[in-house]
1. So if a site counts as exposed when it's one of the GluC sites (Glu not before Pro), its DSSP state isn't H, G, I, E or B, and it has at most 12 other Cβ atoms within 10 Å, what's the longest stretch of chain A without one?
2. Using the Kyte-Doolittle scale, find the helices of chain B whose mean hydropathy is at least 0.0 and whose Cα atoms extend 15 Å or more along the helix's long axis, counting only whole DSSP H runs.
3. So which chymotrypsin sites (Phe, Trp or Tyr not before Pro) in the stretch B:70-143 are both in a DSSP loop and have at most 12 other Cβ atoms within 10 Å of their Cβ?
4. Report the Cα-based extents of the stretch B:269-368 along its three principal axes, largest first, to the nearest Å.
5. Output the Kirkwood hydrodynamic radius of the stretch A:54-123, Cα pairs only, in Å rounded to one decimal.
6. Using the C-alpha gyration tensor of the stretch B:1-101, what are the square roots of 5 times its eigenvalues, in whole angstrom, with the largest one first?
7. Over the alpha carbons of the stretch A:1-88, what is the largest minus smallest coordinate on each principal axis, giving the biggest first in Å?
8. Beyond a 29 Å Cα-Cα separation, which of these cross-linked pairs lie in this structure: A:Lys45/B:Lys458; B:Lys106/B:Lys215; A:Lys143/B:Lys215; B:Lys18/B:Lys193?
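The values are calculated or read from the model by the stated rules, or taken from the named source; none is laboratory data. The model shown is predicted, which means the values in this text are computed figures rather than measured ones. Cβ placement follows ideal geometry from the backbone for every residue including glycine, while neighbour counts extend to all protein chains displayed. Ligands, DNA and RNA are excluded from the accessible area calculation, which covers all protein heavy atoms including side chains. Shrake-Rupley method; radii C 1.70, N 1.55, O 1.52, S 1.80 Å.
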Amino acid sequence: MRSDKILYGLYDDEDLLLSAVERIRREGIPIDEVYSPFPVHGLDKALGLQETRLGITAFIYGLLGLGFAIWMTWYMMIYDWPQDIGGKPSFTWGENMPAFVPILFELTVFCSAHLMAVTFLVRNAMYPGARAANPHPATTDDKFVMEISVRAADEPQVVALFKETGALAIHLKNPES
Amino acid sequence: MSSHYESPYREPLVLGDKTYQQISADIVKPIAGPATRSWWIAFGISMALFLWGSVCILYTIGIGIGVWGLNKTIGWAWDITNFVWWVGIGHAGTLISAVLLLFRQKWRLSINRSAEAMTIFAVMQAALFPIIHMGRPWLAYWVFPIPNNFGSLWVNFNSPLLWDVFAISTYFSVSLVFWYMGLIPDFAMIRDKVTRPALRKIYAVLSFGWAGRAKHWQRFEELSLVLAGLATPLVFSVHTIVSFDFSTSVVKGWHSTVFPPYFVAGAIFSGFAMVQTLLSVVRKVLRLEDYITRLHIDYMNRVILLTGGIVAVAYITEFFIAWYSGSPFEDYIYLSWGAATGPYWWAFWSLILCNIAIPQLLWIRSIRRNFVWTFAISIVINIGMWFERFTIIVVDLSKDYLPASWSMFSPTFVDIGVFLGTIGLFFVLFLLYSKNFPVIAQAELKTILKSSGDHYKKPSGTDAQR
């Protein structure tokens, strides 16, 4: 949808915000973004956001780490340079596996945690020095801002809805300005 | 709102007339203002200790570890004692932030940030000891599985010492990531609150451009949950693997299957004691009395009581088994009649007094909820847990299977200096943290304000009758 203007509604209470989000979405107006100082319980459902797949990626990364650890212990201890250390069997990986369990576990956790955190940063486009995009500095403190881009014709309706749902302040921004 | 309901019988977790804005203001205040006199004094003392420790470390590296009090019989002493002590201290941070998150314990929110900082700084101190004990620390990279110049001789994956390398480095880096990800929204709050341009710029970089978008919060919560799920088995694995360093050996007293659970309980016991020590000071200096309340120290003291109880049972088990085995060699392990009456009787009895006897005072509710008593007992436990590791390592080694090689250990000034130096560095880092970092996870704390804040819990009008 081509939009002319961006409207911001500022709320000072998460319960108010939540009911406002539900109300505005019921009116069929799509909400572009909500900025909040803390995670508001139920907001993602109210906004109709899809469930995040970050947990699934963590599982896959964990499997990668486990696979890497299996390969590494096999290659170094069994294949490349097998040694008899303390009488522990070095003929097959399976026989020696119990001694490798700590390594397998640690590398699983290592890969899962770190790669998941990296995925989180990449998906959110976050990096050291990235520009903060919150429209109002108080959105990290105690205010909640809803962002809706509208065509000029719809503007009065959205403003009225903001007022009706208890917005503290309403700001208007032209995208090109 | 019904979603914010919490039983009025539950004590509030946030005292005073707090609003969201006030929470932010309370966290920003020490960061935006200049450091206090007491901060500078504490920083100066810690820095002096750290510098003295650095001198001792350089002396050790320059001359060799012969400058320590080690001898042929006792090849591990203060260094490994300190290593195990510091790693153990680290455990409470992860336990508070990860395990209590999985159990949905809201009281963690006021203390998890500082506890995790403590974890990271403690693990840094711990890692120092094995590295300098190598004697040639510039070759420390040999512990990593990389091909070397002598043919492809790899590291030994059967060795618990190598498991330790993987466990400690995974633990350190995962804790660091967990901590930092939690800090990002709070750095963003500081970025938007402070007025000095230089500070604003620093926190802008640190906050990675966090804006608090709904989707980002959703991912943030998923990340926290999964990292907590990963960190929970990790924290148990770390001290288990540390205990393997001992229990897979054939030294009497060390070769014991009770070690892993016993070490983990001991680690949590000592870690919570250190959290109590630090937070008693932090809440006063940074005026966080409304956030770190009697309820918080009460809960932590209960964890201390539980883990202390597990440790006590382990001691009794060790003592009984040493006697029951009938082996003359077993009569001089760290928990035995021989140890209690032998030349290391003082270490043995310090352990019993500090770790078993005195913590029992915490059964008394008024002591458990008293800040001065809690502080005093936490110091006692810190000392007691150091002695536990000392007796396990030194007493067990001092009388081995060959009476001709029996020996005693006495530390040199270098041993003592390095230990004091790590305490100094730990406090230098912690003081820098408490001055410049948001010491409370304020974003997450705000989510419980309406349910657990004193102001919101007060019965008003019709609510009072229900």
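1. Numbers: sites that count: A:Glu27, A:Glu51, A:Glu176.
Segment A:52-175 is the longest.
2. Details: long enough: B:20-32 (18 Å, 0.25); B:37-63 (39 Å, 1.44); B:78-94 (25 Å, 0.38); B:112-133 (32 Å, 0.85); B:160-193 (48 Å, 0.88); B:214-247 (49 Å, 0.61); B:259-285 (38 Å, 1.19); B:294-324 (44 Å, 0.96); B:371-390 (29 Å, 1.31); B:413-436 (34 Å, 1.65).
Both cut-offs are met by B:20-32, B:37-63, B:78-94, B:112-133, B:160-193, B:214-247, B:259-285, B:294-324, B:371-390, B:413-436.
3. Numbers: sites: B:Trp76, B:Trp78, B:Phe83, B:Trp85, B:Trp86, B:Phe103, B:Trp107, B:Phe121, B:Trp138, B:Tyr141, B:Trp142; in loops: B:Trp76, B:Phe103.
Those that pass, being in a loop and sparsely packed, are B:Phe103.
4. Computed over the stretch B:269-368, the largest-to-smallest principal extents equal 56, 22, 19 Å.
5. Working: mean 1/r = 0.0768 Å⁻¹.
The Cα-based Kirkwood calculation yields 13.0 Å.
6. Numbers: eigenvalues 410, 111, 18 Å².
Largest first, the stretch B:1-101 gives 45, 24, 9 Å.
7. Sorted largest first, the three principal extents are 73, 31, 19 Å.
8. Working: A:Lys45/B:Lys458 31 Å; B:Lys106/B:Lys215 23 Å; A:Lys143/B:Lys215 17 Å; B:Lys18/B:Lys193 17 Å.
Pairs exceeding 29 Å: A:Lys45/B:Lys458.
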